[in-house]
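Scroll down for the structure; my scribbles are underneath it.
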Amino acid sequence: MAERPDNPNADAPLEEPPDEQVVHHVSQRKKRKKGVGGEEIELNLTSMIDVIFQLLIYFVITANFQIDEGTILATLPGNAAENREQQNIEPPVVIELTSGDDGITSRLIVDGRELREGVAQLRGYFEGQIGSGEMAKDDIVQIKPQGVVRWQHVVNVFNACVAAELEQVGFAPS
Amino acid sequence: MSHVTRRGPVKPSLNITPLIDVVFLLIVFFMIVNNIVTDEVPELQLPELLDPQTSTPEGEGRVIVNIVPLQAYEPDKESGRKVGPGNPELQVLSRGGEVKAVTIGKNEWVITEEGAMKEFQEFAALSIRTRFEKNGKPPIIMLRADAGVYYGQVLPIMNTLQQAMADALEPELAAETPIQLVAYMPD
């Protein structure tokens, strides 16, 4: 048996690779797609989807489209007075609204009479007046608030008048 | 010459591309709508009414006039919202009642600035006239004021709005056109 050298090619001259072993060009895209071991690289989208869903839920919850708002019909200051002069009818019922001592609450005076329970009493008062025939639903009612009365109280008085089915409610001219 | 391919075990996979498309569209939709709503109706603490008679106005063409307070509100401890129904009345009404600005859409006029009310009147008249010419009837004019502001500060704005209506419409039509006071709807 012939002795086999440790490295049989050690002394042999370098040989050209055989024609069969020509390396073909591999595109960059394919190289990127395949890893070192030839396995496909995949993008892990899980975390991105998590974030997207979080964003979606946030926007869905915070979007309210202002559906909790409604309106009450009102007449601007001056218009009711002009109408009254044109029609030459009785003077309007005046609701005076003054600020309480604390600057938060308000006092309500209707035709010179104070309603101690405030706006909670106003609807019943007008309904009583209409029921007894002292007022009609189409009587002109003017709201005359003091300058430092909060808008909250003014709209509440307006709302009580509408609830009592009064048809001509407006602000007193300044 | 034919190629013989050898496939390994098939891994089931879910194609989530259309899902991501739809979710992205939804996000974009909500972002845009949120911005539009905020532009048209800024965040205000509206009046909370006892036995509310409020309703949703019907009709085409709206001019929403917002009256913004000078002092901002602190976020509510429970809900975390700065404003909204159910905020403690004391917080709303114990703040200063001064008005900062009046707005229509994206346009804001700081009332202490010189000529601001004149500009507001001209813009309001233009908005009312444009909608009247388009629809053939006066638009719905909504007054959306913060619950805590003083009536004395709202009154000049209402007078200016009335002037704008007189500028934009025939006198009789202007006198007959009401405004709509905005408040929270009942639950």
Counting only residues in region A:145-156 that are in contact (Cβ under 8 Å) with a residue 24 or more places away in the chain and crowded, with 22+ Cβ neighbours inside 10 Å, the one farthest from the other protein chains (Cβ to nearest Cβ) is identified as A:His153
Are there any pairs with C-beta distances below 9 angstrom linking a residue in region A:47-73 that is closer than 21 Å to B:Glu48 by Cα to a residue that is surrounded by fewer than 10 Cβ atoms within 10 Å (Cβ to Cβ) and at pLDDT below 80, with the two at least 6 apart or on different chains, and if so which? A:Asp68/B:Asp187
Tell me which residues, restricted to region B:120-138, are crowded, with 22+ Cβ neighbours inside 10 Å and part of a loop (DSSP other than H, G, I, E, B). B:Pro138
Looking at the structure I just gave you, is B:Gly105 touching a helix residue (DSSP H, G or I) at 6+ places or on another chain (Cβ under 9 Å), closer than 16 Å to B:Leu70 by Cβ, modelled with pLDDT under 90 and not polar (S, T, N, Q)? no
Tally of residues being away from chain B (no Cβ under 11 Å) and over 21 Å from A:Ala74 (Cα atoms) across region A:89-106: 1
Collect the residues in region A:121-143 that are within 12 Å of chain B (Cβ to nearest Cβ) and either surrounded by 18 or more Cβ atoms within 10 Å (Cβ to Cβ) or small (Gly, Ala, Ser) (or both), keeping them in residue-number order. A:Leu122, A:Arg123, A:Gly124, A:Ile143
Scanning region B:142-157 for residues that are facing chain A (nearest Cβ under 7 Å) and either outside any helix (DSSP H, G or I) or under 18 Å from B:Gln71 (Cα atoms) (or both) gives B:Met142, B:Ala145, B:Asp146, B:Ala147, B:Gly148, B:Val149, B:Tyr150, B:Tyr151, B:Gly152, B:Val154
Looking only at region B:158-186, how many residues end up being under 18 Å from the mean Cα position of the chain (by Cα) and more than 9 Å from chain A (Cβ to nearest Cβ)? 0
From the option list B:Pro139, B:Pro52, B:Pro69, B:Pro57, single residue qualifying as closer than 19 Å to B:Ile157 by Cβ and at the interface with chain A (Cβ under 10 Å from one of its Cβ atoms) is B:Pro69
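The values are calculated or read from the model by the stated rules, or taken from the named source; none is laboratory data. Given the structure is predicted, the values throughout are model-derived calculations rather than measurements. So basically every Cβ, Gly included, is an ideal-geometry build from the backbone, and we count neighbours across all protein chains shown.
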